[in-house]
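Read through the structure below, which is laid out as structure tokens, and then see the notes.
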Amino acid sequence: MNAQVLGGRTDVVVIGGGQAGLSAGYYLHRFGLGDRTVMLDHSPGPGGAWQFRWPTLTLAGANNVHDLPGLGLSEALGTECDQWPARTAVPDYFAQYEDKFDLKVQRPVHIRTVSKEGDDFRVTAADGSHLLARTVINATGTWDRPFIPYVPGIESYTGTQLHTHDYFGPGAFAGQRVLVVGAGISAVQLLIEIAREAEGVQTFWCSRTEPRFTERSFTAEQGRAAVARVEQRVRAGLAPGSVVSVTGLPVNDAIRSARADGILQWRPMFTRITDTGVCWDCTPGHAGSDHLDVDVILWCTGFRSSLDHLAPLKLRGPGGGIVMTGRLATVVAAEPRVQLLGYGPSASTIGANRAGREAARVVQDVLSRSPERT
């Protein structure tokens, strides 16, 4: 599918066609702003980042795919969809959603920069075409910015390094020694899957912080507390951190079984990477006694917000964070006509829906204070 070339002016541009972008589009239509909105997405089809997830991830194993406003997941796909692959089920759901609510998402459109041009924002695509917009709702998520922390010696490693972003299933690791790095749910899921499914594999597990497992069910109070903590950070202009970092890892039958089988043997983070593996408290050129040879390092170390195209607006402060304001911390303090969805407290799927409604409300308020553009 070839994207339309950008051109002309619009009152609202939504950049990103994942959960947050679709939610914003839905409410913009509800508020009577659909004809004044242009929606852009860089992916080849509907589904946001879900279309790029590994094939073995099912909806049941995915981390909370929440209903979009106006059309529930089970309503669109049926009540037996839990065991469907997330990479096909969610795109199907999002495609139905776009069709039902007439959300005309242009794709693939690769946005290169957003800059100021007079009283407007100039949104420029990779092909050089552009449009001018009065307000910007950025909902580009994090999938395109996998994060790998720097560890001394990382450049000397001769084995295979890959990120969750690049994982495509356990089969590639047969007969190898695999080190999984990370303390989140993705690290645990992939560690168990590789250990269970890859023939002849040996697995190891490290992370900077010790994983926190909890037998307690996740509560609404915990969710609100986690969101409030992240919101406090972004209002102060600090890097947001993770919404789920304070909730712990819920223990399920798969985790209990993996514990019993010795799969979840955790070690603290290594201090150096060598040409053949990792080591603890070693020095350059000396592997030391505590050295682990591995064939693969799988970094399950999260993502960062995909905001490079906004660099011309100079939104970041000295510490790298962006000061956010507004009722749900969606509004950039330095550019109140720019909103970030999927950043900070709206990074969770349930937070994205609330943020989408708030973003549409903010746009409605901004546009009501100036004449409608023709």
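Using Cβ contacts closer than 10 Å as the measure, can you line up Thr203, Thr10, Thr88 from fewest to most?
Fewest-to-most Cβ neighbours within 10 Å comes out as Thr88, Thr10, Thr203.
On a 0 to 90° scale, report how tilted helix 185-197 is relative to the longest principal axis of the chain, with both axes built from alpha carbons and the result rounded to the nearest 10.
For helix 185-197, the angle is close to 50 degrees.
Counting each DSSP H run of 4 or more residues in the chain as -39500 (n - 2.57), what helix-only mean residue ellipticity at 222 nm follows after dividing by all residues, to the nearest 500 deg cm²/dmol?
So the helix-based figure for the chain works out to -7500 deg cm²/dmol.
Stretched out fully, how many nm does the piece from Asp261 to Thr214 gain, at 0.36 nm a residue minus the Cα gap?
Extra length available between Asp261 and Thr214 comes to 15.0 nm.
Could you work out the relative contact order of the chain, using alpha carbon pairs under 8 angstrom and six or more residues apart, expressed as a whole percent?
The value is 23 percent.
Using only Cα positions of segment 131-177, each an equal point scatterer, no hydration layer, compute I(q)/I(0) via Debye at q = 0.30 Å⁻¹ and quote the log10 values to two decimals.
Here the Debye-derived log intensity ratios amount to -1.19.
Tally Lys and Arg at +1 and Asp and Glu at -1 over the other residues with C-beta under 14 Å from the C-beta of Val105: what net charge comes out?
Around Val105, the charge tally is -1.
Net charge near Ala360: determine it from the other residues with C-beta under 15 Å of the C-beta of Ala360, scoring Lys and Arg +1 and Asp and Glu -1.
Combined, the nearby Lys, Arg, Asp and Glu give +4.
Quick check: the angle from helix 349-368's long axis to the longest principal axis of the chain, C-alpha only, nearest 10 degrees?
20
Write down the Kirkwood hydrodynamic radius of segment 59-133, to one decimal in angstroms, obtained as one divided by the mean of 1/r over all alpha carbon pairs.
15.0
How do Leu73, Leu28 rank when sorted from fewest to most other Cβ atoms within 10 Å of their own Cβ?
Leu73, Leu28
With charges set only on the Cβ (+1 for Lys and Arg, -1 for Asp and Glu), what does the dipole of the chain come to about its Cα centre, in debye to the nearest 20?
Its charge dipole is roughly 1280 debye.
For the chain, modelled as a GNM with alpha-carbon contacts under 10 angstrom, which of Asn138, Asn252, Asn353 fluctuates the most?
Among Asn138, Asn252, Asn353, the largest GNM mean-square fluctuation belongs to Asn252.
In Å, what Kirkwood hydrodynamic radius results for segment 139-213 from the alpha-carbon pair distances?
By the Kirkwood definition, the hydrodynamic radius is 13.7 Å.
Mind checking which lysines have their Cα closer than 25 Å to the Cα of Lys314? Skip sequence neighbours fewer than 8 apart in that chain.
Counting by Cα, and skipping residues close in sequence, Lys314 has these lysines nearby: Lys116.
How high is the relative contact order of segment 99-173? Use alpha-carbon pairs under 8 Å, at least six apart in sequence, and give a whole percent.
This gives 16 percent for segment 99-173.
Relative contact order, percent, of segment 1-134 when contacts are C-alpha pairs under 8 Å separated by at least 6 residues?
34
Give the cysteines in the chain for which no other Cys Cβ lies under 4.7 Å away, or write none if there are none.
Lone cysteines by the Cβ rule: Cys81, Cys206, Cys300.
Would you mind estimating how fast segment 20-86 diffuses translationally, via Stokes-Einstein at 4 °C and 1.567 mPa s with the Kirkwood radius over Cα pairs, in µm²/s?
95
Only the coordinates and a few stated rules stand behind these numbers; no lab work does. Just so you know, these numbers come straight off a predicted model, no measurement behind them. Neighbour counts run over all protein chains shown; Cβ positions are idealised from the backbone, glycine included.
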